[in-house]
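Peer 1: The structure that follows is given in the form of structure tokens.
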Amino acid sequence: MNTYSKHEVLLSAENIQLQYGEKVVLRDVNFRIQDIRRHGINQGQVVSLIGRSGIGKTQLFRILSGLLRPGAGEVRIDEDQHVVKPGEVGIVPQNYILFNHRTIYQNLKIGLDSAQLNLSEAETKSTIAEYAATFELSEHLKKYPAQLSGGQRQRASIIQQVLTGNKFILLDEPFSGLDVLMIDRVMELLLKISTLSEHNTLIIVSHDIENAAAISDMVWVLGAEEGKPGATIVKEYDLCQMGLAWKPEIRSDMRFVELLTDIRKHL
């Protein structure tokens, strides 16, 4: 059995409200992500915000990244719980932001340069080479984004955000449009990133219940409550507490099947 403990709050959403005119989009959205510690294991956090299309996930994604100010409430990050600012949270959108006129090496260097580590040219090359090897991109460093497959571009985009030094990375529908084999590889990549540092925190925003839940230690369901406007967190699942976190063969566990059924009831 996996033993763990939860400690300081790394990110919190406090009473988030968003309204456009008379239309309430988000209402009373509250959740918090805590630092997880496991003996002998570097354990970061992987959490999911699951909701059906059109429920307000994109707006919440932008609020969590600091790119959109909510009408009320705040998103706070890090141990000091300061209000999030644009650029403090890495973003991996569905279209994988990469500079098309630059090689993959140059794109990754942009991410590393933004971390302001003052590395020498040799150290920069070594760091990029190490990450590229870890995530199977070594042979593609001299290529341009248009020469890569969708899965390869996604990996490059994720690594670029890791190299910026951001501990928090938001991923918008990371499994969308990928075949089964590529989904498994992306899941392996995300789990690997989460274990690079105890404070690395991946936040998956998705309508893909099964894949998001399979790699998460926490799941929040964004949905509507009868008779109330706007979307809010209608259900929270602590997979650590349920004994379902960090299980490689989780899909064969009947408790996971039951979890998916219960999540669907709240969408």
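The values are calculated or read from the model by the stated rules, or taken from the named source; none is laboratory data. Everything numeric here is computed off the predicted structure, so don't read it as measured data. Here the Cβ positions follow ideal geometry from the backbone for every residue, glycine too, while neighbour counts run over all protein chains shown. The accessibility values were calculated without ligands, DNA or RNA, using every heavy atom of the protein model including side chains. Shrake-Rupley method; radii C 1.70, N 1.55, O 1.52, S 1.80 Å.
Peer 1: Being free of Cβ contacts under 8 Å to residues at least 12 places away in the same chain and either among the charged types (D, E, K, R) or not in a loop (DSSP other than H, G, I, E, B) (or both) is the filter here, so list the residues in segment 227-254 that pass it.
Peer 2: In the first step, residues of segment 227-254 are kept if they are free of Cβ contacts under 8 Å to residues at least 12 places away in the same chain; the result is 227, 241, 247-249, 252-254.
Passing the criteria: Gln241, Lys247, Glu249, Ser252, Asp253, Met254.
Peer 1: Inspect all residues belonging to segment 177-194 and state whether any of them is farther than 18 Å from Arg153 by Cβ and in contact with a strand residue (DSSP E or B) (Cβ under 8 Å, 6 or more places away or on another chain).
Peer 2: Scanning segment 177-194 turns up at least one residue that is farther than 18 Å from Arg153 by Cβ and in contact with a strand residue (DSSP E or B) (Cβ under 8 Å, 6 or more places away or on another chain).
Peer 1: Search segment 99-112 for residues being open to solvent by 20 Å² or more (accessible area, probe 1.4 Å) and within 22 Å of the chain's Cα centre (by Cα), and hand back the single one that is modelled with the highest pLDDT.
Peer 2: Result: Lys109.
Peer 1: Which is modelled with pLDDT of 95 or more, buried (at least 17 other Cβ atoms within 10 Å of the Cβ) and closer than 25 Å to Ile215 by Cβ, of Ile158, Ile91, Ile77? It would help to see each step written out before you state the result.
Peer 2: Details: Ile158 fails: modelled with pLDDT of 95 or more; Ile91 fails: modelled with pLDDT of 95 or more.
Within the list Ile158, Ile91, Ile77, the selection yields Ile77.
Peer 1: Let me ask something additional. Mind counting the residues in segment 209-226 that are touching a residue at least 60 places away in the same chain (Cβ under 8 Å) and either open to solvent by 40 Å² or more (accessible area, probe 1.4 Å) or not in a helix (DSSP H, G or I) (or both)?
Peer 2: The first filter runs over segment 209-226 and keeps only residues touching a residue at least 60 places away in the same chain (Cβ under 8 Å), leaving 209, 212-213, 215-224.
Applying the additional criterion that residues be either open to solvent by 40 Å² or more (accessible area, probe 1.4 Å) or not in a helix (DSSP H, G or I) (or both) yields 215-224.
Result for segment 209-226: 10.
Peer 1: Which count do you get for residues in segment 185-206 that are assigned to a helix (DSSP H, G or I), open to solvent by 60 Å² or more (accessible area, probe 1.4 Å) and either over 25 Å from Tyr4 (Cα atoms) or of a type in the set (A, V, I, L, M, F, W, C) (or both)? Lay out the reasoning, then the answer.
Peer 2: Within segment 185-206, the first condition is being assigned to a helix (DSSP H, G or I), and the residues that meet it are 185-194.
Filter once more, keeping what is open to solvent by 60 Å² or more (accessible area, probe 1.4 Å): 185, 188, 191-192.
Then keep just the ones that are either over 25 Å from Tyr4 (Cα atoms) or of a type in the set (A, V, I, L, M, F, W, C) (or both); that gives 185, 191.
Residues that pass the stated criteria total 2.
Peer 1: Also: Thr124: in contact with a strand residue (DSSP E or B) (Cβ under 7 Å, 6 or more places away or on another chain), open to solvent by less than 20 Å² (accessible area, probe 1.4 Å) and touching a residue at least 12 places away in the same chain (Cβ under 8 Å), yes or no?
Peer 2: no
Peer 1: Being open to solvent by less than 70 Å² (accessible area, probe 1.4 Å), modelled with pLDDT of 90 or more and outside any loop (DSSP other than H, G, I, E, B): is that true of Ile169 here?
Peer 2: Details: open to solvent by less than 70 Å² (accessible area, probe 1.4 Å): yes; modelled with pLDDT of 90 or more: yes; outside any loop (DSSP other than H, G, I, E, B): yes.
Yes: the conditions hold for Ile169.
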